[in-house]
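J.: If you scroll down you'll find the structure; I have some questions about it.
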Amino acid sequence: MRLYPVFADIAGLPVLVVGGGKVARRKAKSLLDAGARVSVGAAAFGTAWASWIDAGSIHVLHGAFDPAWLDGKWLVIAATGDRALNARVAACAGERRILANVVDDAALSRFHVPAVVDRSPLLVAISTAGAAPAIARRIRETLERVLDHALGALVALADRQRGRIVRRHADIAARRRFYDWLFDGPVLPLLRNARHAQAEQALLDALATHGQESAAGSVALVGAGPGHPGLLTLQALRALQQADVILHDQLVSAEVLAMARRDAECIDVGKRCGGRQMAQERIQRMMLAHAREGRRVVRLKGGDPFVFGRGGEELAFLRAHGVACEVVPGITAAVACAAFAGIPLTHRDHAQSVCLLTAHGRRATHPLEDRALGDSRQTLAIYMGAEKLDEMAARLISRGRAPETPCAIVENGTLPQQRVIAGTLATLPGLLRLQAVNKPALLIVGEVAAFAREHAWFGELVEADTAGAAQDCASAAVA
């Protein structure tokens, strides 16, 4: 090990930064954040320093570097961009036995500033000993995605209760098991959900009852987004990597499932139109059974669990049976598919509102009965609507939408096989029959849908640009 890793408490200590540019300012900020008394010396300072200088946040040393600047300092960072000057600063610091860091020069540095993942009071530092800072940065980015933001609160809670924990578990092995439970059990999810008092009470109850080894199961209703793995949220990724059991819908892509914990049990509970069906009641009973066995269950849904995903029904069921449950939102198809098709759902010139609709519902009432849906300045995003497009086009026209209203079908949105089929209410039904649209598909109706013709940037674009297509479907749209 070439470097000795250490976390230094420099609160209240005098330190020096040499340099007046952007890099020097960034280094000074990290020192200020750590509570140090920062002096900055430079011949000239950029305008970004003005607020600190005016507020007296730093002690300013104007002019050429003077070794006397180092007097009484505990450490120094040289960030001038002049290698000869940086080397002189480092040499003068060495003579005074002051640790020095020279930006982008490992050979001249006596300490290195690592890439940091901050979950205060938890800090994770990554160093390549100055050999490849860019790689350290990439590793930090990976850890930022993986490490729960509630870990800082967990560490702070453990610190507050450390005395009780030590007294209750004098045996080191028993104490280690308790900390394992603290990490894996119900406390961290409670902190993640901003239930700090309940989290602390759960810890205290476990200390009082020896109940920590038999942790209760839980369920997370997680939105997988529209299918593109890059659109999965950080919290959804963490849930997948912590899950024991994953009950997933058909629309969840293989790429998203590949990001789950390798030993998690994945169960397909998807509903398929005209194919295999799994009753909603059975899915809910499966979640309940696995949770009661102490497992961490993820109910993984395409898009967002609370947008046409039956998440509300499942949350109510689980709460009624006393199962701890959290909801992790996902990017819903309307937002994602529109974006990947180059369609803004709202626009100052064309649409001041957006309405999300589904072509399928439990009640007999048709989703397009409301005459307000004829408002030309409202965008309609209709889920699962492709197979009923003839009927919907006719209803919308009868409610006041013009036959030439732009609309677009986004098929397999955000996936490599995405297609955007652009037309109007009058032409699109016939064009869809010619194009043999596959599911899943989202219908977007409104003036903003015209943007797809110029701004679609992902996948294939198909346009209703022939008189034949318009003539073929005009009668169906206005019947």
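J.: Consider only pairs whose beta carbons are under 8 Å apart and that are at least six residues apart or on different chains; among these, list those whose first residue lies in segment 151-162 and is open to solvent by 30 Å² or more (accessible area, probe 1.4 Å) and whose second residue is assigned to a helix (DSSP H, G or I) and not small (G, A, S).
T.: Listed by first residue and then by second, the contacts come to A153/L191; A153/H196; R160/E200.
J.: Please determine, by comparing only the residues of segment 1-15 that are modelled with pLDDT of 95 or more and small (G, A, S), which one is farthest from H59 (Cα to Cα).
T.: Result: A11.
J.: Quick test for you: out of R319, R296, pick the one residue that is more than 17 Å from P229 (Cα to Cα), among the charged types (D, E, K, R) and touching a helix residue (DSSP H, G or I) at 6+ places or on another chain (Cβ under 7 Å). Steps first, please.
T.: Values: R319 fails: touching a helix residue (DSSP H, G or I) at 6+ places or on another chain (Cβ under 7 Å).
Answer to the check: R296.
J.: Let me ask something else about it. Take the residues in segment 32-47 that are in contact with a Gly (Cβ under 9 Å, 6 or more places away or on another chain) and farther than 16 Å from A11 by Cβ; name whichever of them is surrounded by the fewest Cβ atoms within 10 Å (Cβ to Cβ). Explain how you work it out, then say what you get.
T.: Here is the first cut: in segment 32-47, the residues in contact with a Gly (Cβ under 9 Å, 6 or more places away or on another chain) are 35-37, 40-46.
Checking the rest, the ones that are also farther than 16 Å from A11 by Cβ come to 40-46.
On the way: V40: 28, G41: 24, A42: 21, A43: 12, A44: 9, F45: 20, G46: 12.
Filtering first and then ranking leaves A44.
J.: Test G270 against the stated conditions and say whether it is in contact (Cβ under 8 Å) with a residue 12 or more places away in the chain, over 20 Å from H321 (Cα atoms), touching a Ser or Thr at 6+ places or on another chain (Cβ under 9 Å) and surrounded by 14 or more Cβ atoms within 10 Å (Cβ to Cβ). Please lay out each step first, then the result.
T.: Working: in contact (Cβ under 8 Å) with a residue 12 or more places away in the chain: yes; over 20 Å from H321 (Cα atoms): yes; touching a Ser or Thr at 6+ places or on another chain (Cβ under 9 Å): no; surrounded by 14 or more Cβ atoms within 10 Å (Cβ to Cβ): yes.
Here the answer is no, as G270 does not meet what is asked.
J.: I would also like to ask the following. I'd like to know if segment 24-38 contains one or more residues that are among the hydrophobic types (A, V, I, L, M, F, W, C) and over 37 Å from the mean Cα position of the chain (by Cα). Spell out how you get there, then give the answer.
T.: Taking segment 24-38 and keeping what is among the hydrophobic types (A, V, I, L, M, F, W, C), we get 24, 28, 31-32, 34, 36, 38.
Right, trim to over 37 Å from the mean Cα position of the chain (by Cα) and you get none.
Checking segment 24-38: not a single residue is among the hydrophobic types (A, V, I, L, M, F, W, C) and over 37 Å from the mean Cα position of the chain (by Cα).
J.: Right, another one. Out of R299, R285, report the one residue that is open to solvent by less than 20 Å² (accessible area, probe 1.4 Å), modelled with pLDDT of 95 or more and basic (K, R). So that I can check it myself, show each step before the final result.
T.: Details: R285 fails: open to solvent by less than 20 Å² (accessible area, probe 1.4 Å).
Criteria check complete, one pass: R299.
J.: Also, I was wondering about something else. For segment 94-110, state whether one or more residues are acidic (D, E) and open to solvent by less than 30 Å² (accessible area, probe 1.4 Å). Steps first, answer last, please.
T.: Start the filter on segment 94-110 by keeping residues that are acidic (D, E), which leaves 95, 104-105.
Okay, now just the ones that are also open to solvent by less than 30 Å² (accessible area, probe 1.4 Å), so 105.
For segment 94-110, residues acidic (D, E) and open to solvent by less than 30 Å² (accessible area, probe 1.4 Å): present.
J.: Okay, next question. G312 passes all but one of (1) touching a residue at least 24 places away in the same chain (Cβ under 8 Å); (2) in contact with a Phe, Trp or Tyr (Cβ under 7 Å, 6 or more places away or on another chain); which number fails?
T.: It is condition (1) that G312 fails.
J.: Of everything in segment 163-193, what is open to solvent by less than 70 Å² (accessible area, probe 1.4 Å) and in a loop (DSSP other than H, G, I, E, B)? Give them in sequence order. Before you say what the answer is, go through the steps one by one.
T.: Of segment 163-193, the ones open to solvent by less than 70 Å² (accessible area, probe 1.4 Å) are 163, 165-166, 169, 173-175, 178, 181-182, 185-193.
Passing the criteria: H169, G185, P186, N193.
J.: Restricting the first residue to segment 111-123 and requiring it to be farther than 16 Å from A156 by Cβ, which pairs with a second residue that is among the small types (G, A, S) meet a Cβ separation below 6 Å and a spacing of at least six or different chains?
T.: Hits for this filter: H112/S127; H112/G130; P114/A125; P114/S127; A115/A136; V116/A125.
J.: Within the set of pairs 6 or more residues apart or between chains, which connect a residue that is crowded, with 24+ Cβ neighbours inside 10 Å inside segment 213-224 to a residue that is modelled with pLDDT of 95 or more and acidic (D, E) with Cβ atoms less than 7 Å apart?
T.: L221/E314; G223/D304
J.: Which condition does W52 not pass, out of (1) at pLDDT 95 or above; (2) surrounded by fewer than 16 Cβ atoms within 10 Å (Cβ to Cβ); (3) farther than 22 Å from I126 by Cβ, if it passes all the others?
T.: (2)
J.: Could you please find all residues in segment 3-31 being aliphatic (A, V, I, L, M), closer than 18 Å to R96 by Cβ and open to solvent by 10 Å² or more (accessible area, probe 1.4 Å)? Walk me through it before giving the result.
T.: Of segment 3-31, the ones aliphatic (A, V, I, L, M) are 3, 6, 8, 10-11, 13, 15-18, 23-24, 28, 31.
In the following step, the residues that additionally are closer than 18 Å to R96 by Cβ were identified as 8, 10, 13, 15-18.
Passing the criteria: A8, I10, L13.
J.: Hey, can you tell me all the residues within segment 392-441 that are among the polar types (S, T, N, Q) and either touching an Asp or Glu at 6+ places or on another chain (Cβ under 9 Å) or more than 14 Å from I343 (Cβ to Cβ) (or both)?
T.: Going residue by residue through segment 392-441, those that are among the polar types (S, T, N, Q) are 398, 405, 412, 414, 417-418, 424, 427, 435, 438.
Within segment 392-441, S398, T405, N412, Q417, Q418, T424, T427, Q435, N438 meet the criteria.
J.: Considering each of L434, L425, L442 in turn, give the residue that is hydrophobic (A, V, I, L, M, F, W, C) and under 26 Å from the mean Cα position of the chain (by Cα).
T.: On the way: L434 fails: under 26 Å from the mean Cα position of the chain (by Cα); L425 fails: under 26 Å from the mean Cα position of the chain (by Cα).
Going through L434, L425, L442 in turn, the sole match is L442.
The values are calculated or read from the model by the stated rules, or taken from the named source; none is laboratory data. Being a predicted model, the structure only gives us computed values, none of them experimental. Cβ sites come from the backbone with ideal geometry, for glycine too, and all protein chains shown count toward neighbours. Side chains included, ligands, DNA and RNA excluded: accessible areas come from the protein's heavy atoms. Shrake-Rupley method; radii C 1.70, N 1.55, O 1.52, S 1.80 Å.
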